[in-house]
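Chemist: Before we start, here is the structure in question, set down as structure tokens.
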Amino acid sequence: INRKHQHHRTSFVLYIFEPSVVPSRTTLCSSLHSFPSIFANMRVTALAFAFALIAPLTQAFVPPPSTSSTTALQSTNELFDSPGWGAIRDELDQVPIFAVANAEGQPLKYSVELAKNNDDGEDMFEVPLFYTHVEDALKELENAKENTPLPGMDINPYPLGGLFELWSKNEAVIVPNKMSIISAGAPPTANPMGQVVPLFACMEIAQEDKDGNAVLPLFFELEDANAAVAEAVSLDGGKKEDFEVVGLSLPQAVQLLSQSKENAFQFIPPSSSIKHIRDYLSG
């Protein structure tokens, strides 16, 4: 859905997901409540991740592709019908993203304009918007309350995996944080709407997954990646300036996982998102 977007805030309708796509808020919150510290067991290591798609931050920003490149992950049908998609989806589901929703937890739809393949006019769609960072969703909630107030409106967390599939099929918009896309090399004037989600990693650090295997943590927030590097250096020594944080996009990470026989990554949600959910659960 990475095309030219125009967001009309005054157009709200309810969007109802199939239960198999989005579990309840309680289910996701309980899962995130047990999420370990994002810097737990972060160690310096010599990981042999020879991924050509991972680039220095100054080169990592990926402009929105044209409509014709919707299948850049492979064919979307090939990916989502493949035996490995379930495991990838489970990994992505550890990451909450947020939407403005009604009292029943149903995300609101927005009118969005998408440029056509031949740039001859635009198509109008009504899709839900999901934000990778909770602070952006909270800002959108305030805008929604001013423009189209509905009883019981709030932000809700939803697992990324099923929504990534909807995003790939142009049935949802995933909006990255503006500072994140700028950190990945986007110009300061870039509009987050319609951009791919950037991720940040340091190839010299690793974290153990639940099975004790070394995996590369992929952060949704540059500051979290830098903090993880500092933690690893404090444990194992070295100079922080010798550890480079690099970038790739969420679709690229999914593509790499689809080509790998092993789980090579762990997706780390923004620390602000984890804190928001833990605060919510603690009352």
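The values are calculated or read from the model by the stated rules, or taken from the named source; none is laboratory data. Small disclaimer: the values here were computed from a predicted structure and weren't measured. Cβ placement follows ideal geometry from the backbone for every residue including glycine, while neighbour counts extend to all protein chains displayed. Side chains are part of the model used for accessible areas, which takes the heavy atoms of the whole protein and leaves out ligands, DNA and RNA. Shrake-Rupley method; radii C 1.70, N 1.55, O 1.52, S 1.80 Å.
Chemist: Cβ-Cβ distance below 7 Å, separation of 6 or more or different chains: which pairs start in segment 137-162 with a residue that is closer than 27 Å to Asp93 by Cα and in contact (Cβ under 8 Å) with a residue 12 or more places away in the chain and end on one that is exposed (fewer than 12 other Cβ atoms within 10 Å of the Cβ) and of a type in the set (Asp, Glu)?
Modeler: none
Chemist: Can you spot a residue in segment 137-152 that is buried (at least 24 other Cβ atoms within 10 Å of the Cβ) and in contact with a strand residue (DSSP E or B) (Cβ under 8 Å, 6 or more places away or on another chain)? Please lay out each step first, then the result.
Modeler: In the first step, residues of segment 137-152 are kept if they are buried (at least 24 other Cβ atoms within 10 Å of the Cβ); the result is 137.
Going one step further and asking which of them are in contact with a strand residue (DSSP E or B) (Cβ under 8 Å, 6 or more places away or on another chain), we end up with 137.
Within segment 137-152, one or more residues are buried (at least 24 other Cβ atoms within 10 Å of the Cβ) and in contact with a strand residue (DSSP E or B) (Cβ under 8 Å, 6 or more places away or on another chain).
Chemist: Here's something else I'd like to know. If the requirement is being crowded, with 16+ Cβ neighbours inside 10 Å and at pLDDT 90 or above, which of these qualifies: Leu114, Leu129?
Modeler: Details: Leu114 fails: at pLDDT 90 or above.
Just one listed residue meets the conditions, Leu129.
Chemist: Here's a follow-up. Tell me, please, whether a residue that is open to solvent by 30 Å² or more (accessible area, probe 1.4 Å) and either of a type in the set (Gly, Ala, Ser) or part of a strand (DSSP E or B) (or both) can be found in segment 174-184. Lay out the reasoning, then the answer.
Modeler: Here is the first cut: in segment 174-184, the ones open to solvent by 30 Å² or more (accessible area, probe 1.4 Å) are 178-179, 182-183.
With the extra rule that they be either of a type in the set (Gly, Ala, Ser) or part of a strand (DSSP E or B) (or both), the set shrinks to 183.
Yes, the conditions are met somewhere in segment 174-184.
Chemist: Another one. Looking for whichever is at pLDDT below 65 and among the aromatic types (Phe, Trp, Tyr) here; the options are Phe98, Phe80, Phe61. Which one fits?
Modeler: Result: Phe61 is the single residue among Phe98, Phe80, Phe61 that is at pLDDT below 65 and among the aromatic types (Phe, Trp, Tyr).
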